[in-house]
Amino acid sequence: MGIVAASAVSSVARQPESRDEIKSTMLIGIAMSESPAIYSLVIAIILIYANPLLKHFGS
């Protein structure tokens, strides 16, 4: 995320009139790059605490 923010700041410094477009594109990109990590965390927690396979295979 640091590289993305640095690139956005550099872009705004070069073209201040397109600040809103650069900011929205940066936020969408950050959200899309963070979403797989959040989904993975949720799936891992579900598998740890509510694993449906334990009923079939036992452990």
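I need the full set of residues from region 23-59 which are more than 19 Å from the chain's Cα centre (by Cα) and loosely packed, with under 10 Cβ neighbours inside 10 Å, in order please. The answer is ILE48, TYR49, ALA50, PRO52, LEU53, LYS55, HIS56, PHE57, GLY58, SER59. Search region 1-22 for residues being under 16 Å from the mean Cα position of the chain (by Cα) and in a helix (DSSP H, G or I), and hand back the single one that is surrounded by the most Cβ atoms within 10 Å (Cβ to Cβ). Only one residue tops the list, namely VAL4.
A search for C-beta distances below 9 Å between a residue of region 23-48 that is without any contact (Cβ under 8 Å) to a residue 12 or more places away in the chain and any residue that is of a type in the set (Gly, Ala, Ser) and outside any helix (DSSP H, G or I), counting only pairs 6+ apart in sequence or on different chains, returns nothing.
Each reported figure results from applying straightforward, stated rules to the coordinates on display, with no laboratory input. The model shown is predicted, which means the values in this text are computed figures rather than measured ones. For neighbour counting, all protein chains shown are included, and Cβ atoms are generated from backbone atoms with ideal geometry for every residue, glycine included.
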